[in-house]
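The values are calculated or read from the model by the stated rules, or taken from the named source; none is laboratory data. Because the structure is a prediction, the values reported are computed rather than measured. Backbone-built Cβ (ideal geometry, glycine too); neighbour counts: all protein chains shown. Surface accessibility is based on the protein's heavy atoms, side chains included, excluding ligands, DNA and RNA. Shrake-Rupley method; radii C 1.70, N 1.55, O 1.52, S 1.80 Å.
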Amino acid sequence: SQKLPHVWSEGQNVSWKVPVPGQGYSSPVIAEGQIWLTTAISSEMTPEQRQAHAADWDRFKSKQLNLVGKVSLRALCFDLVSGKQLHDVEIFSVDEPETVHYTNTHASPTPVIHGEQLIAHFGSYGTAAVDRRSGSVLWRNQEFHVDHENGPGSSPILWEDLAIVHFDGRDLQFVVALNVADGSLAWKTDRSGELSPIPDVKKAYCTPLIVETPGGVELISPASTWVYGYDPRTGSELWKANYGDVGFSTVPCPVAGHGIAYICTSFTKSKLLAVKFGGRGDVSDSHVVWTSDSQIPKKPSLLLSGKELFCCNDTGVVTCFDALTGETLWR
């Protein structure tokens, strides 16, 4: 077995390091000796833009939002062994970018690799495919727009020949699947669950999950106030379960096992739900196996290993649950 180091520093146990321009909280993805990541290179606002937004500064500041003048959304590729930069691809150039929360960036969704393609998603700014060999942009799709308010956060997932993406904004909430061959729309499904009338609690930033069930494949899709199960081929809604309270700005990725999906609701106080998948219709009363609202993360994702479910909340408290019963095994 390979020995892994326990200590890192700027110079210790580092094979190589290279500077990355801009800001991007997306995770890197690796295939065939290539490391791909996305970034957003921002410019300062012009005096004209500052004047145009003068009335908004106090509101932006109170909500901890940042506004920049222009942003270049890019995909970068580095050699896995040497760190040499192989590609720098501008995917979208945005003259009037929306605000982002100070903890977020315009390039937070993680890209995915599909064969020779890199699928990069930037929320309402669009989705695109890049040829991993040449660095050329194969297609772009900028059909779908919501008010993220805090910037994009949901990452795409791949299933067969589809790239599936959440759009849960303050104004509109839906899920889309794009054909990876050309970026065309395969299906679009609106969220059906009743939400609070307050726009700020309608949004979410979660990434979905594909699970196998005896009845077929399901897409586990957490949103604001509800978690949904969809048929990933058609987008048809199979079931939904209510969080029991308003849960919004949902971030942690779900995990699944034992026929159960584990969901964190995020804000205001995060709750952990264990929901049996495979149901039909509104399963809020029949399929929620257990819940907990003690030290549950708002942003960090969960880890399931066997019958042990681990979570680390935003202040660094780690809890291990019995995944089947919800019993706290240790904290």
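Considering only Gly11, Phe174, Leu273, and ranking their Cα positions along the charge dipole of the chain that arises from unit charges at the beta-carbon of Lys, Arg, Asp and Glu, the one farthest toward the positive end is Gly11. The length gained by stretching the chain between Glu308 and Trp330 to full extension, at 0.36 nm per residue less their Cα-Cα distance, is 6.9 nm. Mind checking which of Val112, Phe78, Ser42 is farthest towards the positive end of the chain's charge dipole, using Cβ charges of +1 (Lys, Arg) and -1 (Asp, Glu) about the Cα centre? Of the listed residues, the answer is Phe78. A crude spin-label estimate for the pair Thr103 and Asp282, with each label 7 Å from Cα along the Cβ direction, gives 3.2 nm. Between the alpha-carbon centres of segment 4-30 and segment 278-331 there is a gap of 31 Å.
Estimated from the Cβ-Cβ distance and a Förster radius of 51 angstrom, the FRET efficiency linking Ser93 and Leu4 is about 0.80. Within the shell defined by Cβ-Cβ distances under 11 Å, the residues around Gly169 carry a net charge of -2, with Lys and Arg each +1 and Asp and Glu each -1.
Over all other residues within a Cβ to Cβ distance under 15 Å of Gly24, the charged ones net out to -1, with Lys and Arg as +1 and Asp and Glu as -1. 3J(HN,Hα) couplings calculated from phi for segment 266-283 with the Karplus curve 6.51 cos²θ - 1.76 cosθ + 1.60 (θ = phi - 60°) are, in sequence order, 6, 10, 7, 9, 6, 10, 9, 10, 9, 10, 5, 8, x, x, 9, x, 7, 10 Hz; Gly and Pro show x. Around Cys320, under 13 Å between beta carbons, what's the net of Lys plus Arg minus Asp minus Glu among the other residues? My count for the surroundings of Cys320 gives -1. Using a probe of 1.4 angstrom and keeping all protein chains present, the accessible surface of the chain works out to 47 square angstrom per residue. Full extension of the chain between Glu212 and Ala181 yields a length gain of 8.7 nm, computed as 0.36 nm times the residue separation minus the alpha carbon distance. Take every pair of alpha-carbon atoms less than 8 Å apart whose residues are at least six positions apart; their mean separation over the length of the chain yields a relative contact order of 8 percent.
Work out the charge dipole of the chain with +1 on the Cβ of Lys and Arg and -1 on the Cβ of Asp and Glu about the Cα centre, then indicate which of Pro156, Val29, Ala204 is farthest towards its positive end. The residue sitting most towards the positive pole is Val29.
A straight chain from Glu44 to Ser301 at 0.36 nm per residue would run longer than the Cα-Cα distance by 89.2 nm.
The phi torsions of segment 27-32, fed into the Karplus equation with coefficients 6.51, -1.76 and 1.60 and a -60° offset, translate into couplings of 7, x, 10, 10, 7, 6 Hz, rounded to whole numbers, with Gly and Pro shown as x.
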